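**Student:** Below you will find the structure I want to go over with you.
Every number in this text was worked out from the coordinates using simple rules, so none of it is lab data. Since the model is a prediction, treat every value here as computed from it, not as a measurement. Cβ atoms come from the backbone with ideal geometry, glycine included; neighbour counts cover every protein chain shown.
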Amino acid sequence: MTYRQILLAAAVALGSLATAPLVLATPQEKLMALNGTKLTYVEEGTGTPVVFVHGAISDMRAWDPYRPEIASERRFIAYTQRYFGTAAWSDKAEHFSRETHIDDLIAFIEGLDAGPVHLVTWSYSGGIGTYASLRRPDLFRSIIHYEPSARALLSGLPGSSAARTEMFKNFGPAITAMKAGKAEDAALRFIEAVFKLPEGNAATEPEPWPSYWRANGRTIPPFLAMAPGGPISCDQLGAMTVPTLIVQGKNTYTRYSMMAERLANCQANALLITLSGANHDGPYRKPREFTTLIKNFLALVE
């Protein structure tokens, strides 16, 4: 069976696994020293590592709903990328960049010393994971992206400018809050724009999510100020043989859909699946469905 046939089978297998919730004790946080810093992470379970990497305005806690199910079968690992989370910064975010986060992801996987890993990403971390896998494909057993965000994937695509306008027109309240120095408010306004929520509704979402978002508001200025990632060509992606599943929300912005489709069309052994009832908020809004998809895919590629 080819990897593409395996991926197609994954699409058919959606929903075939039991999704009864499991409850496990919260694992103790650990620290890994790498690249002149220490990253906080948690792990639970045994077997092949499944590394979860969060997106922007977030940290490793975004994956808490996934830990019990994944840890019941494999080694669940989630870490907080540099500058995100609640830890004090060792500098003034001078090293906040995609290159820093790419290098950290590679070093983190190497530091696990457990062979190639399964990688799960969401949004910003999808771009980080894509760049990292192009540089070090040997570190990855498989990859699951939820709406990977990398501007380079839009290069040369007709309609990309219009797609940018469609999404960014909703960012006005977030930009206003950021200019006023209200980082926590800006975080909530950005979440509302990206998740297509009415203004003011992010604060009313179930806790602890609003607290997570507010805590990461301080990352917004350096995040917006950093340089875009380098070019990514279809030729580069076509040389990738790592089995990859790319998921997009049915109701997502065109910009996110274009990036997901470009990656799926260019990367060898990749397939795009659409998650109903979701937009960019899929891993947050549909954790049970996304967990089932992850588990089915991992079972197939292994």
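**Student:** Does the chain come out rounded, prolate or oblate by the C-alpha gyration tensor, with a ≥ b ≥ c the root eigenvalues, rounded set by a/c under 1.5 and, if not, prolate when a/b is larger than b/c and oblate if not?
**Tutor:** Because its axes are fairly even, with a/c under 1.5, the chain counts as rounded.
**Student:** Please report, in debye to the nearest 20, how large the charge dipole of the chain is about its Cα centre when each Lys and Arg carries +1 at its beta carbon and each Asp and Glu carries -1 there.
**Tutor:** Once rounded to the nearest 20, the dipole reads 500 debye.
**Student:** Tell me, what HN-Hα J-couplings in whole Hz come from the Karplus equation 6.51 cos²θ - 1.76 cosθ + 1.60 at θ = phi - 60° for each residue of region 178-193, using x for Gly and Pro?
**Tutor:** Working through the residues one at a time gives 5, 5, 7, x, 9, 4, 5, 5, 4, 4, 5, 5, 5, 4, 4, 5 Hz.
**Student:** Non-local amide H neighbours of GLY249 (under 5 Å, H modeled in plane, Pro and chain starts lacking H): which ones?
**Tutor:** LEU275
**Student:** Same structure again: Explain nothing, just compute: Karplus ³J(HN,Hα) = 6.51 cos²θ - 1.76 cosθ + 1.60, θ = phi - 60°, for every residue of region 129-142 in order, whole Hz, x for Gly and Pro.
**Tutor:** So the J values, rounded to whole Hz, are x, 5, 4, 5, 6, 5, 7, 9, x, 5, 8, 10, 7, 7.
**Student:** With a cut-off of at most 16 other beta carbons within 10 Å, and DSSP calling the residue loop, which chymotrypsin sites (Phe, Trp or Tyr not before Pro) in region 70-147 qualify? Please list them.
**Tutor:** Numbers: sites: PHE76, TYR79, TYR83, PHE84, TRP89, PHE96, PHE108, TRP122, TYR124, TYR131, PHE140, TYR146; in loops: TYR83, PHE84, TRP89, PHE96.
In loop regions of region 70-147 (DSSP not H, G, I, E or B), the sparsely surrounded chymotrypsin sites (Phe, Trp or Tyr not before Pro) are TRP89.
**Student:** Right, here's the next one. Answer rounded, prolate or oblate for region 118-216, using the Cα gyration tensor with square roots of eigenvalues a ≥ b ≥ c: rounded when a/c is under 1.5, else prolate when a/b is larger than b/c, else oblate. Working shown, then result.
**Tutor:** On the way: a/c = 2.49, a/b = 1.47, b/c = 1.69.
Judged from the Cα gyration tensor, region 118-216 comes out oblate (a/c at least 1.5, b/c at or above a/b).
**Student:** Something else now. Restricting to DSSP loop positions (anything but H, G, I, E, B) with no more than 14 other Cβ atoms inside 10 Å of their own Cβ, which trypsin sites (Lys or Arg not before Pro) remain in region 72-181?
**Tutor:** Values: sites: ARG74, ARG75, ARG82, LYS92, ARG98, ARG135, ARG141, ARG151, ARG164, LYS169, LYS179; in loops: ARG74, ARG82, LYS92, LYS169.
When the trypsin sites (Lys or Arg not before Pro) of region 72-181 are filtered for loop state and at most 14 Cβ neighbours within 10 Å, LYS92, LYS169 remain.
**Student:** Provide the percentage of antiparallel DSSP beta bridges, counting only those with both residues in the chain; round to the nearest 5.
**Tutor:** Of all bridge pairs located within the chain, approximately 25 percent are antiparallel.
**Student:** Helix-only mean residue ellipticity at 222 nm, the chain, DSSP H runs n ≥ 4 weighted -39,500 (n - 2.57), per residue, nearest 500. What is it?
**Tutor:** -11500 deg cm²/dmol
**Student:** How compact and how long is region 14-138, expressed as Rg and Dmax of its alpha-carbon atoms in Å?
**Tutor:** Taking only Cα atoms of region 14-138, I get Rg and Dmax of 14.5, 48 Å.
**Student:** Region 238-302: which trypsin sites (Lys or Arg not before Pro) are DSSP loop and have at most 15 other beta-carbon atoms within 10 angstrom?
**Tutor:** Counting only loop positions with at most 15 other Cβ atoms within 10 Å, the trypsin sites (Lys or Arg not before Pro) in region 238-302 are LYS250.
**Student:** Same structure, new question: Please turn the phi angles of region 250-262 into ³J(HN,Hα) values with the Karplus equation 6.51 cos²θ - 1.76 cosθ + 1.60 (θ = phi - 60°), one per residue in order, whole Hz, x for glycine and proline.
**Tutor:** Those phi angles translate into 4, 9, 7, 5, 4, 4, 5, 5, 5, 5, 5, 5, 4 Hz.
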